[in-house]
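A quick write-up on the structure given underneath.
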Amino acid sequence: MADRVTVIGWDGSPLTEAARAALGAATLVAGAAHHLALPEVPPGAERIRLGSVSLAARRIAGHRGTAVVLADGDPGFFGVVRTLRAPEYGLEVEVVPAVSSVAAAFARAGMPWDDAQVVVAHARTLRRAVNVCRAHPKVAVLTSPGAGPAELALLLEGVHRTFVICEALGTDREQVTVLTSDKVADHVWRDPNIVIVVGGSGTGTGPGTDRGGWLAGRDPDYPPPVRGWALPTAEYTGQDPADPAAPPAEDQDPAHLRAAQLARLGPRPGDLLWDVGAGSGALAVEAARFGAAVLAVERDAAACARMSAAARRFGVQLQIVPGTAPLALEDLPEPDLVRVGGGGVRTVAACADRRPERIVTHALTRDEAEAVGRVLADGGYRVECALLQSVELDTGAWTERERSVVFLLAGRRM
């Protein structure tokens, strides 16, 4: 086993005295090609070019001597330290950090980053990273070959964002480019690179945005002024339900139904949720508040305008798709979750054909519920149905004010 393993972060600046001392005593050095070319690497040391960190860790564990691993930026932030500290290797690790590539990228852009989300994009996580870019106004993406700026931009089609692309940070090939997302796929980008994706509402660029937040990865206004979720529809429309100009009753989905639907969907960061027949937009906004990316499909122009206003009021990102389902669904990106608020059995069937992990909807009659349940079961979903009843009371006279009875249907892909 290696006597000692020192992980040295490198950001392009001269190595510290501690890093030079550790490197000078090394009998094994692991790193990328540009790390192994550093003049401080001892000529007699065994060299390992890092590809798989796990394979390198096994070789280091079997080495008798002093090992050094060189890595870009802060190796403890989405870096090699996590793998090297895995119990199966039995390595004792010391870390000499450097400025992380995320911090360096934001410094080059002259932007604060305490309110930014940070994600890693590779073959398995690219789609989820894109969904975070849909859902948040400021995201740093640590890319990889095949999951870089062009791929991000192509999957973000229809969502306007600005990309700050930082190539080869800390080297003599460093370049920073700012482009709108529709232009990014027209270029070839050098690895390694990091992309800052900004845009949408709440980007922290308007008047008064010099105020600081208190929780990393959140807008300075977090938490929003309204506490709770599954709130009355009026909280999202800004209108009294009794107002003649308020949305029609069918668009005012009961809060208890919305709560049950959200509980069964479980929206979370990295998910893409379709809210089909979004109506008031209350569920779409609430799913976005949980961190999911949301596509709200709605045919009524006035409802689309109300949703847009609600998203601004709650500080979330919504992509609103005007149109009628199922036709409006054809060109949408693949969903993880679907709520069908309107459109009937044909729309549920069209959504099931796209194979999301979970689908929820509701029915007003048993016959309708059975028809929807059959469609979900035939589509390969395990179906749950519950009859929900809610009675709203007037707490002045303690008399019944409104009664709601509805069938909740939830499908989980098998």
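A short reminder: the numbers here are calculations on the coordinates, not readings from a lab. Remember, predicted model here, so these are calculated numbers, not experimental data. Reconstructed Cβ throughout: ideal geometry from the backbone, glycine too, with neighbour counts over all protein chains shown.
Points worth noting:
- Here the relative contact order of the chain, from alpha carbon pairs under 8 Å that lie six or more residues apart, stands at 11 percent.
- In a simple Cβ point-charge model (Lys, Arg +1; Asp, Glu -1; nothing else charged), the chain has a dipole of about 1000 debye relative to its Cα centre.
- Across all directions, the average projected area of the convex hull around the alpha carbons of the range 8-86 is 4.9 nm².
- With contacts taken as Cα pairs under 8 Å at a separation of at least 6 residues, the range 322-402 carries a relative contact order of 21 percent.
- Test item: Cα-centred dipole of the range 295-353, Lys/Arg +1 and Asp/Glu -1 on Cβ, debye: 400 debye
- Globularity ratio of the chain, using Cα Rg and 2.2 N^0.38 Å: 1.20
- Full-extension gain in nm, residue 114 to residue 354, via 0.36 nm per residue minus C-alpha separation: 82.7 nm
- Close amide-amide hydrogen proximity is noted between residue 230 and no other residue 5 or more places distant or on a separate chain, at a cut-off under 5 Å (H modeled in the peptide plane; Pro and chain starts excluded).
- Dividing the summed helix terms, -39500 (n - 2.57) for each DSSP H run of n ≥ 4, by the number of residues in the chain produces a 222 nm estimate of -7500 deg cm²/dmol to the nearest 500.
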